[in-house]
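Readers should treat all values here as calculations from the given coordinates under stated rules, not as data from a laboratory. As the structure is a prediction and not an experimental result, all values here were calculated from the model. Please note: Cβ atoms are built from the backbone with ideal geometry, for glycine as well, and neighbour counts cover all protein chains shown.
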């Protein structure tokens, strides 16, 4: 599976499960951590956990497992590390607090409109 196909599957999965404000930042020119950050928030900590679980499930169906999964005790910030793509799933208030998009503002916004269903 190519990096673009993986990114598409992640975004489509988050969209299907009603993840809010999905953002993809290309950060490969800024760091060796990953090529992309996918940032999304859920409406509750349960929703955030569901979003992360579904991404992990969908990718595992393609034989792709995260190198690491980290979360705080309240599931307000869950990180799925797929080496080239790191998925950050937040509870809404936690995302507002950490402002990850601002920290990585030098990253390039990726147009994901082709992956998102129109309401």
### Message
Under a crude label model (7 Å from the Cα following the beta-carbon direction), how far is residue 53 from residue 117 in nanometres?
### Response
2.0 nm
### Summary
Dividing the surface of the Cα convex hull of the chain by four yields a projected area in nm² of 7.0 nm²
### Message
Per 0.36 nm of contour for each residue apart, how much would the distance between residue 106 and residue 2 grow if the chain were fully extended, relative to their Cα-Cα spacing?
### Response
35.0 nm
#### Entry: Extension gain (nm, one decimal) between residue 44 and residue 70, 0.36 nm per residue minus Cα-Cα
7.6 nm
### Relative packing of peptides 108-117, 43-52 - highest average C-beta neighbours within 10 Å first
43-52, 108-117
